[in-house]
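Quick notes on the structure that follows.
Readers should treat all values here as calculations from the given coordinates under stated rules, not as data from a laboratory. All figures in this text were calculated on a predicted structure; none of them were measured in a lab. Note that each Cβ is placed from the backbone with ideal geometry, even for glycine, and that neighbours are counted across all protein chains shown.
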Amino acid sequence: SGFRVLTSACLLGQPVRYDGQAKGLADPRLAQWEKAGLLLTVCPEVAGGLPVPRPAAELGEKGRVRTEGGDDVSLAFHRGARVALALCQRYGIRLALLKANSPSCGNTRIYSGRFDGQLVVGEGVTAALLRQHGIEVFNETQLDQLAQALDRTAPAPAAD
Ligand code: SF4
């Protein structure tokens, strides 16, 4: 396969978010990469077995993920993260484009775990697992850096 970037499904317009919406990103680079077949999409929360729609959840104390109602959904989040990692390993993918601020996909900041609308420094469950396995994780505000990483790691042209 030519897949090079594991990509949050909601960024490519798939309506998989907790509220049943997508967060499709209109950027010509993304469209070009998609057309070239570089992007393999996954929604870790759906892959982990959660439905659409689903209650919003946040990553909080002791690495547990809970809904505002207090249900512990950590297992599903971790299952989804392992699915995402397995996809990267199966296809030799070393780069990821994940939705910012999500308790699964956020790569620099996440909601606080107190459902107070505050962002704190931290990583979602999937972003952390991928990074721990050497996969470079970018978010939708970091397309420049992702483009550079794609150039830097471009496969060598096949010899004649
Ligand atoms: Fe998007 Fe990731 Fe949330 Fe799925 S888990 S809806 S891919 S941000």
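Which residue, of VAL16, VAL52, VAL83, is out of contact with any Leu (no Cβ under 6 Å at 6 or more places or on another chain), within 14 Å of the ligand (Cβ to nearest atom) and either in contact (Cβ under 8 Å) with a residue 60 or more places away in the chain or assigned to a helix (DSSP H, G or I) (or both)? Write out each step before concluding.
Details: VAL16 fails: either in contact (Cβ under 8 Å) with a residue 60 or more places away in the chain or assigned to a helix (DSSP H, G or I) (or both); VAL52 fails: either in contact (Cβ under 8 Å) with a residue 60 or more places away in the chain or assigned to a helix (DSSP H, G or I) (or both).
Matching residue, one of VAL16, VAL52, VAL83: VAL83.
Residue-wise test of (1) touching a Pro at 6+ places or on another chain (Cβ under 6 Å); (2) among the charged types (D, E, K, R); (3) under 26 Å from ARG29 (Cα atoms).
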{"position": "LYS62", "(1), (2), (3)": "no, yes, no"}
{"position": "LEU98", "(1), (2), (3)": "no, no, yes"}
{"position": "VAL120", "(1), (2), (3)": "no, no, no"}
{"position": "GLN132", "(1), (2), (3)": "no, no, no"}
| request: Could you list all residues from the stretch 19-49 that are without any contact (Cβ under 8 Å) to a residue 60 or more places away in the chain, of a type outside the set (D, E, K, R) and assigned to a helix (DSSP H, G or I)? | output: PRO28, ALA31, GLN32, VAL46, ALA47
| query | Does any residue of the stretch 120-131 turn out to be more than 16 Å from the ligand (Cβ to nearest atom), β-branched (Val, Ile, Thr), loosely packed, with under 14 Cβ neighbours inside 10 Å and within 17 Å of the chain's Cα centre (by Cα)? | reply | yes
| request: Specify the residue that is nearest to LEU85 (Cα to Cα); the eligible residues are those in the stretch 31-49 that are in contact with a helix residue (DSSP H, G or I) (Cβ under 8 Å, 6 or more places away or on another chain) and away from the ligand (no atom under 14 Å from the Cβ). | output: LEU38
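Please enumerate the residues belonging to the stretch 128-150 that are farther than 17 Å from LEU12 by Cβ and not in a strand (DSSP E or B).
Step one: of the stretch 128-150, the residues farther than 17 Å from LEU12 by Cβ are 128-136, 144-145, 148-149.
Residues satisfying the conditions are ALA128, LEU129, LEU130, ARG131, GLN132, HIS133, GLY134, ILE135, ASP144, GLN145, GLN148, ALA149.
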| said: I'd like to verify a number: residues in the stretch 68-79 that are in contact with a strand residue (DSSP E or B) (Cβ under 6 Å, 6 or more places away or on another chain) and either assigned to a loop (DSSP other than H, G, I, E, B) or closer than 16 Å to CYS105 by Cα (or both), how many? | reply: 3
| task | Could you look through the stretch 65-80, keep only residues that are away from the ligand (no atom under 14 Å from the Cβ) and either among the aromatic types (Phe, Trp, Tyr) or surrounded by fewer than 15 Cβ atoms within 10 Å (Cβ to Cβ) (or both), and pick out the one that is nearest to THR7 (Cα to Cα)? | result | LEU75
